[in-house]
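The values are calculated or read from the model by the stated rules, or taken from the named source; none is laboratory data. Predicted model, so just to flag it, every value in this text is computed and none were measured. Reconstructed Cβ throughout: ideal geometry from the backbone, glycine too, with neighbour counts over all protein chains shown.
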Amino acid sequence: MRTLTALTISLTALLSISCGGAKLSTANEQMARGEYYDAARTYRKIYNKLTKKEERAKRGEVAFLMAQCHERLRQFQRAAAAYQNAIRYEYPDTSAYLGLAQALHSSGQYAQAVKAYEDYLAMRPDDPTALNGLIGARMGANRSGATRYIVRKSELFNSPRSDYAPMFLPGSTDRLYFTTTREKVNGPRSEITGTKKGDVWTAQKDENGVWQRPEAVEGELNTDVEEGIVSFSPDGTTMYLTRARREPNASTTVEIFTSQRSDAKWSAPTKFEITADTISAVGHPAVSPDGEWLYFSSDMPGGSGGHDLWRVRIKERLGTLENLGEWINTPGDEMFPYVRTDSVLYFASDGHPGYGGLDLFRATLKPSGGWEVVNMGTPMNSAADDFGITFGEGESGFFSSNRNDARGYDNIYSFELPELRILISGWVLDKDEEPIPSAVIRIIGDDGSNQKAVARPDGSFSFPLNRGVRYVMLAGARGYLNARQEFVSDTAEEDAEYGVDFILASITKPVVIDNIFYDYDRATLRPESKEALDEMVQVLNDNPNVTIEMASHTDRHGSDAYNIDLSARRARSVIDYLIEHGIAPERLQSQGYGESRPKTITKKLAREYPQFKEGDVLTEQYIEQLSPEDQAIADQINRRTEFQVLSIEYNMY
């Protein structure tokens, strides 16, 4: 990200090395002025001339300085190679090891970066920058932090040079401003970046919502110095921008200016005074949505190190300057703030654990006053620099990145976070698995949601859901008992579809309770009956105004008297279980019918046992005509426990 350096980094001279050659002094002067592109080229020429054995130490020093130039130009692969040469020639400063780790990290060489951080931490175990870097490199190596964001390169906005820091005009997603160093901009080549000096350009959608090719903003805004990284007052009439002022034989001064819009033209920039400090860099303006505060990045004294995020009241600057504090700011660089709401801030940082270079972070203001800072994950972030975000509609917008560009040039990318598709669907059926198209389904969530739907003709239904919510569902229909279900939707950020079916019991005809088992020739309930019995308890709790008859039936074997007695005792066993589990005794009656009420084959039974037809009655005479195998099945069907609704008005008056 070459242009970032020109507009953000406070250009403090590094230690000069003593050497008799004029070219080395020239390189040092270029370095001190922040002319990293020119300095890197000069150091490369000097490095190639230092070939003698006794010049190894000097070669290591030059390699280190060359690495720092490439690092500031965001050419991380070149920086890594130069740091490796510095270490190879025994450059004595341990910062070469840290620089190597960071360059490998920002090149996406995560495994090598982890080792390099560990090597450096063996020498400097308490360095917070390296400790955070190691966490980030391991994140990258483990491929953790993936999100559902969809990121695409916005080819229309990009040129063969750097295009970055997009920003929507307030109140509109039809006009986008950004900074560019393409060949058509004003001014000469920058000694800092080797590209043309940045200008502010803009793009607009046509009446069909299609983006048109970008053009330079009209008016007197762009000059032959660096301009860019813009923000706007809420009404869109005032632009705040970063400007890099150059003077001969002096460091670049980065400042914030304003420009006024009249019709479609922007006025010549005017300096926006924040402090009397004329040495520190002040840039990357971001206006709060209410227009009260200007957020910005600066290396002024009083911060955490590197560049910090600050803010100042726009109308009464004196005495209102605030550092955003240790939750946001680190010993590294925090840059490119974007204030989305009064409690949500986005920014770029290389000080918080990340995937390499600058990463995008979201900070949410907590009730306690601190900030919760979260890395936006991949693919929003990469091993390279990711920065300068702006939001349009919903969770979509643009940001800039120099990913996949060995030269360090920036490009504009679009992003969107598709809405999660979380559904619950199913069918409402009767006990014979026939659809109940008139059923009404309600779903209530502990997030306050309350939805209602009528089942389709095939008995199906569907509801959209939210993540991590506890839901209660109730299905009912005229002539049927209600059924209730509960569940919790997953918290995972991924599409999901839950399935749930409701089987409603009829009020007008007996309903078989499946999976009720007794000991042979006895009325004792077997343990495997518990699930079915508990479901019956739930049915009665979901329908508190219902009274029922619980009936038991036997097969054709045994005397009538014996079967009546056995079935009565079995029905009573079920009643006793229901009473033990909280059902009022006056809601329950038991009856044993023995073999006196043979089962009539239903549609469901006919599908399950095609040897029988719907409507067949499994009498003793009918069964005796069957094969021995089918007789056993018919006897099994006749042995059943079922309930019949007697009343739906219990305790209603």
Is it true that Arg442 is in a loop (DSSP other than H, G, I, E, B), surrounded by fewer than 17 Cβ atoms within 10 Å (Cβ to Cβ) and not assigned by TED's automatic domain parsing to the domain that holds Thr173? no
Is region 599-606 home to any residue that is among the polar types (S, T, N, Q), assigned to a loop (DSSP other than H, G, I, E, B) and within 28 Å of Ser438 (Cα to Cα)? yes
Single match in Glu372, Glu395 (criterion: out of contact with any Lys or Arg (no Cβ under 9 Å at 6 or more places or on another chain) and farther than 30 Å from Asp514 by Cα): Glu395
Quick one: in region 627-653, which of the residues that are assigned to a loop (DSSP other than H, G, I, E, B) and surrounded by fewer than 16 Cβ atoms within 10 Å (Cβ to Cβ) is modelled with the highest pLDDT? Ser627
Quick check: anything in region 608-615 among the hydroxyl-bearing types (Ser, Thr, Tyr), under 20 Å from Pro510 (Cβ atoms) and within 55 Å of the chain's Cα centre (by Cα)? yes
Could you tell me which residue of region 281-304 is nearest to Met167 (Cα to Cα), considering only residues that are touching a residue at least 40 places away in the same chain (Cβ under 8 Å) and surrounded by fewer than 15 Cβ atoms within 10 Å (Cβ to Cβ)? Pro289
Check Leu98, Leu65 and return the single one that is crowded, with 24+ Cβ neighbours inside 10 Å, touching a helix residue (DSSP H, G or I) at 6+ places or on another chain (Cβ under 6 Å) and within 30 Å of Asn411 (Cβ to Cβ). Leu65
The listed residue being among the polar types (S, T, N, Q), surrounded by fewer than 14 Cβ atoms within 10 Å (Cβ to Cβ) and in the same structural domain as Asn515 (by TED's automatic domain parsing), out of Ser552, Ser573, Ser559, Ser567: Ser559
With the condition kept exactly as written, say whether any residue in region 226-241 is assigned to a loop (DSSP other than H, G, I, E, B), modelled with pLDDT under 95, surrounded by 14 or more Cβ atoms within 10 Å (Cβ to Cβ) and over 30 Å from the mean Cα position of the chain (by Cα). no
Cβ pairs under 9 Å, 6+ apart, first in region 269-280 and among the hydroxyl-bearing types (Ser, Thr, Tyr), second assigned to a loop (DSSP other than H, G, I, E, B): Thr275/Met300; Thr275/Arg317; Thr275/Leu321; Ser280/Ser10; Ser280/Asp299; Ser280/Met300; Ser280/Pro301
Gln591, sole failed condition from (1) surrounded by 13 or more Cβ atoms within 10 Å (Cβ to Cβ); (2) modelled with pLDDT under 95: (2)
Out of Leu465, Leu423, sole residue that is surrounded by fewer than 19 Cβ atoms within 10 Å (Cβ to Cβ) and either of a type outside the set (Phe, Trp, Tyr) or assigned by TED's automatic domain parsing to the domain that holds Phe178 (or both): Leu423
Selection from region 502-529 of residues that are polar (S, T, N, Q), closer than 26 Å to Asp458 by Cβ and assigned to a loop (DSSP other than H, G, I, E, B): Thr508
In the list Val185, Val114, which residue meets the criterion of being buried (at least 20 other Cβ atoms within 10 Å of the Cβ), assigned by TED's automatic domain parsing to the domain that holds Ile389 and of a type in the set (Val, Ile, Thr)? Val185
Please find, among Ala348, Ala406, Ala384, Ala363, the residue that is assigned to a loop (DSSP other than H, G, I, E, B), in contact (Cβ under 8 Å) with a residue 24 or more places away in the chain, within 21 Å of Asp333 (Cβ to Cβ) and among the aliphatic types (A, V, I, L, M). Ala384
Quick one: count up the residues across region 68-89 that are surrounded by fewer than 21 Cβ atoms within 10 Å (Cβ to Cβ) and not in a helix (DSSP H, G or I). 1
Selection count where residues are at pLDDT 80 or above, under 39 Å from the mean Cα position of the chain (by Cα) and assigned to a strand (DSSP E or B), scope region 247-270: 10
